[in-house]
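Data first, discussion second: the structure below is written as structure tokens.
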Amino acid sequence: MNGRPKVLVAGAGALGLTSALLLAEAGCEVVVQEPGAPGDNASGIAAGMLAPVFEAALDPLVRPHFDLLAAARDLWPALAERTGIALDRTPALAVGDAAWLETTLAQVRQLGADGHAVARAELEAAAPQISPTFREGLAVGGDWRLEADAALAALRRAAADAGVGFRAGAVQSGQGFDRLVVATGASHVLIGLAPELAQLSPIKGHILRGSGTLRAVVRSSGAYAVPSGAGIAVGASMEPGLADRRIDSGQVGRLRAGAARLFPALAEAPMTAAAAVRAATADGLPLAGPSLSPKVLIAAGARRNGWLLAPLVAQVVTAWAVGAEPGPYAARLDPRRPFSSPG
Ligand SMILES: Cc1cc2nc3c(=O)[nH]c(=O)nc-3n(C[C@H](O)[C@H](O)[C@H](O)COP(=O)(O)OP(=O)(O)OC[C@H]3O[C@@H](n4cnc5c(N)ncnc54)[C@H](O)[C@@H]3O)c2cc1C
């Protein structure tokens, strides 16, 4: 490689765009290629939670990796500042029956995170329309949020400002480039260039958006609600094995019921549904780093936490691309790591 490394990034989701930005900042000559419309992917419809605490507390698969999730979150303030992405650091809430709240609070505290019980008045201040069945809840600090579609647009602008070029169409090879970064989400189409994509399995997810007032993320055992633009988003289904983006009325109905349990006013309110596909590995962590194929790097497989993990994935991929030290989390994210069962 002479002069600036030429890097082709396949995919303009959160992982591809963040990687492209960091690669350009590290001195690479970067082109992002994407066949779809901007934001028409999992990154564009996501709820935008940057939530190491509740994700680790509520999801046993990623609980052992709380340190890694928290490290990824801690990269966000610097990234947000240079891209103009707004971070909402309002403490996140959880509501549910007493036993669920007690277990969840115990998990939060076991992580060493900051969590405490809150009274009805505090729930109402953050979520004025919350169901009267919830007399108390809990709050955690350390889980943040962004608006996914706005963040994607901001990343794209920042990447362009850093000199990243954009072109349309599906990548088929990395010919003409020193490195190819495969950031194609749940797609297996580049598996011939990156055999480690075989570890990715799809998990389809639906999310609903409607109007209403909400000032904090609200978690519950069946659904979560987040502020979204001027309204509320309620998510999200987890449909393992499904890789299509068709709207399924059964899943919409279940999410709507979850929405109504949290906010009775949403039972009949108009809500729009969107669906997209997450890519997941068997250990719950993404593939970030080199493929066994020469010159190919992978940035994919971030499951429910692609926005949270994007700066860490991009940092590791960039370090590998420019021959720098990839840092303490690189081994856990290495696409060549052994998996005990197929993802
Ligand atoms: C309903 C829902 C809610 C979510 N909520 C959250 C949340 O609150 N917090 C969080 O952190 N994460 C959340 N996620 C997960 C998060 O959205 C994903 O982990 C993340 O968006 C994955 O980003 P990505 O860049 O890997 O993939 P994607 O966003 O899917 O982007 C991949 C891109 O690659 C492109 N592509 C495919 N094939 C090619 C090719 N051959 N050449 C070039 N480009 C190609 C696709 O068109 C696509 O644009 C949510 C996901 C869903 C579905």
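Hey, what's the Kirkwood Rh for the chain if you take every pair of different alpha carbons, in angstrom?
When all Cα pairs of the chain are included, the Kirkwood radius is 20.3 Å.
Rounded to a whole number of µm²/s, how large is the Stokes-Einstein D of the stretch 87-138 at 25 °C and 0.890 mPa s, given Rh as the Kirkwood radius over C-alpha pairs?
212
Quick one: if you stick a label point 7 Å off each Cα along the C-beta vector at residue 160 and residue 254, how many nm between them?
4.0
In whole Å, what are the extents of the stretch 84-201 along the principal axes defined by its C-alpha atoms, from largest to smallest?
Answer, in whole Å and largest first: 61, 33, 27 Å.
Could you work out how far helix 148-161 tilts from the main Cα principal axis of the chain, as a 0 to 90 degree angle to the nearest 10?
Computed tilt is about 30 degrees.
Would you calculate a helix-derived [θ] at 222 nm for the chain, using -39,500 (n - 2.57) for each DSSP H run of n ≥ 4 and dividing by the full residue count, to the nearest 500?
Value at 222 nm, helices only: -9500 deg cm²/dmol.
Between the helical axis of 306-322 and the dominant principal axis of the chain, each derived from Cα atoms, what acute angle in degrees is found, rounded to the nearest 10?
The helix 306-322 is inclined about 20 degrees to the chain.
Report, in degrees rounded to the nearest 10, the 0 to 90 angle that the Cα long axis of helix 98-110 makes with the longest principal axis of the chain.
Computed tilt is about 40 degrees.
Pop out the Kirkwood hydrodynamic radius of the stretch 300-343 from its pairwise C-alpha distances, inverse of mean 1/r, in Å to one decimal.
This gives a value of 11.4 Å.
Quick check: at a probe of 1.4 Å, how many percent of the accessible area of the chain sits on carbon and sulfur atoms?
54
Determine Rg/Rh for the stretch 215-343; Rg is computed over alpha-carbon atoms and Rh is the Kirkwood hydrodynamic estimate from the same atoms.
For the stretch 215-343, the value is 1.08.
Rounded to the nearest 0.05, what FRET efficiency is calculated for residue 247 and residue 331 with R0 set to 51 Å and r the Cβ-Cβ distance?
Taking R0 as 51 Å, the efficiency between residue 247 and residue 331 is 0.80.
The values are calculated or read from the model by the stated rules, or taken from the named source; none is laboratory data. Bear in mind the structure is a predicted one, so any value in this text is a computation, not a measurement. Glycine gets a Cβ as well: all are built from the backbone with ideal geometry, and neighbour counts include every protein chain shown. For the accessible areas, the whole protein counts, side chains as well, though only heavy atoms, and no ligand, DNA or RNA atoms are used. Shrake-Rupley method; radii C 1.70, N 1.55, O 1.52, S 1.80 Å.
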